[in-house]
C-alpha cells in the first residue's frame, strides 16, 4: 500500500476511536509528536496516548486533503466543531515511524470543555 492509502485507513481507525485498531499502523519504535505536546515514543506509549485521548473527547477527522511524497503522507483535516490542523506521517515498510501534528490545543480544550492548563 502507498503512504496515502495507509493514511486513509489510519483516518478510518482514528474515527472509530479504537486505540487497539489505530496502533496497528505504527512501528515498534515510532514517534508521535503533536507539537502542542511533548513527543511520545514507542508503540506502547503511543497506544496509551490514544487510549487516553479517545476516553477524554470524541474526536472526528474530516479529511480535506491527503498528499503523498515518497514515503511521506500529509493530511490536512478539520473536525465538525471547527478545529483545523495538519499532520505529517513518515511511513516505512507499511508502518508509521514518525508523525507530527499541528493544531490549536487551546481551541481543542475549549470546544471539548476540558480544563485549561494553569500557568
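None of the figures in this text is laboratory data; all of them are computed from the coordinates on show. Predicted, not measured: the structure shown is a model, and the values here were computed from it. Ideal geometry is used to build each Cβ from the backbone, glycine not excepted, and the neighbour counts take in all protein chains shown.
Tabulated data for the structure shown
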item: Exposure proxy order (Cβ contacts within 10 Å, fewest to most) of 86, 61; result: 86, 61
item: C-alpha long axis of helix 3-16 to longest principal axis of the chain, angle in °; result: 40 degrees
item: Degrees, to the nearest 10: 43-56 long Cα axis against longest axis of the chain; result: 40 degrees
item: Option label - Cα Rg over 2.2 N^0.38 Å computed here, alternatives (i) 1.01; (ii) 1.43; (iii) 1.28; result: (i)
